[in-house]
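Okay, structure first, notes after.
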Amino acid sequence: MKKRAALHALATATALLLGGAGHAQDFPPKKPVTLVVGFAAGGAADAAARLIAKKLGENIGQPVVVDNKGGAGGNIAHQFVANAVPDGTVLLLGSVGPLTIALHLMKLTYDPFKDLAAVSGGVNFPNVLVVHQDAGAKTLAEFVQLSKKKPGSVDFASTGAGSASHLAGELFNQRAGIDMTHVPYKGGAPALQDLLGGRITSYFAAPPTAMPHVETGKLIPLATTGLTRPAYLPNIPTVAESGYPGFEALNWYAFVAPGKTPPAILDRWNQEIVKVLNDAGVKEALNKHGLTPQPTTRAQLTAFMKKESAQWATIIKERKLTAE
């Protein structure tokens, strides 16, 4: 019996070793890799994806092709990758909304924590709260006073229900004890247009789109939404340092893969992506777009996503938010 048990254990160990070796041989993939992005070309996600994909392709000796699948706030792309063949040839540059917010607002056809597998953090950037020059507020404190003085009269634009800009505004509502009215748009361009036209009071905007109008004096920047001031906006205080310690509402993008992708392949992709994000040239190029590299281990990304999901679930419940 002991001999039989020993032989069985040896056979099992050999099978595991051979299986692991087989998975390792699948990397790099023997065919071009697709990096899916949930937004149209030209935005922050697309810029990050193309910069990273180029260097990834050079490093692994296999083309990494960016595939833009916009629509439904990024959920179409996430659903596509959740259903993709889990062989390591399809990756997704996922975003904060579909990965951690949407499941609390609507019924999804995929589970971001089961049908998608964490690979590595990607990039992040804060929003900047800007107001029209005639809004009557030059600082965040004045903006809060204005909101409290005229409840319901102050509104804020977002790029859609469940977007990072929407939840940033709702988090600030909660922390500041105010009740700004949310006005969702179908994208950043129309939101910014209405803000410039004075039809909206405020907007938690992406810095690259807002700052040119700040420089002309048409918009006034009140605060950024990260814990620290980004290097490219050193003169704008954060919400956290303006009286709301710990306030953080970042836009972020992370690399995920189909949920059933073998762990060995996920680990190899993590190594390659982290290597690219730590590359000096890639860092410099991303920084020029206002993007901060955020390489992580797979476990760190999973923990981060769970933390983000729990935070936004609380805000959504307290604010009684729905997918408008």
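No lab work stands behind these numbers, since they all come straight from the coordinates. This one's a predicted model, so the numbers in the text were calculated from it and none came from an experiment. No Cβ is skipped: glycine too gets one built from the backbone with ideal geometry, and neighbour counts run over all protein chains shown.
Relative contact order of the stretch 128-242, taken over Cα pairs closer than 8 Å and 6 or more residues apart, is 36 percent.
Rounded to the nearest 500, what is the 222 nm mean residue ellipticity of the chain from helices alone, with -39500 (n - 2.57) per DSSP H run of 4+ residues and division by all residues?
On the way: 10 runs with 135 residues, N = 324.
The helix-only estimate for the chain comes to -13500 deg cm²/dmol at 222 nm.
For the chain, the spread of Cα coordinates along the three principal axes comes to 82, 42, 32 Å, biggest extent given first. Using the Cβ-Cβ distance between Thr216 and Ala313 with R0 set to 45 Å, the FRET efficiency works out to roughly 0.70.
Between the Cα long axis of helix 44-60 and the first principal axis of the chain there is an angle of about 20°, rounded to the nearest 10. Relative to the longest principal axis of the Cα atoms of the chain, helix 263-277 runs at roughly 50 degrees. Bridges between two residues of the stretch 128-242, per DSSP, are antiparallel at a rate of about 55%.
Among Thr238, Leu171, Leu196, flag the residue with its Cα farthest along the positive direction of the charge dipole of the stretch 144-278, charges on Cβ as +1 for Lys/Arg and -1 for Asp/Glu. Toward the positive end, the furthest listed residue is Leu196.
Label sites at Lys288 and Gln271, each approximated as a point 7 angstrom past Cα along Cα to Cβ, lie 3.1 nm apart.
Taking the DSSP beta bridges in the chain as the whole, what percent of them are antiparallel, to the nearest 5?
On the way: 24 of 40 bridges.
That works out to approximately 60 percent antiparallel.
Using Cα pairs closer than 8 Å and at least 6 residues apart in sequence, work out the relative contact order for the chain, in percent.
Numbers: 603 pairs, mean separation 80.7, N = 324.
This gives 25 percent for the chain.
Between helix 2-25 and the chain there is an angle of about 50 degrees, using the helix long axis and the longest principal axis of the Cα atoms.
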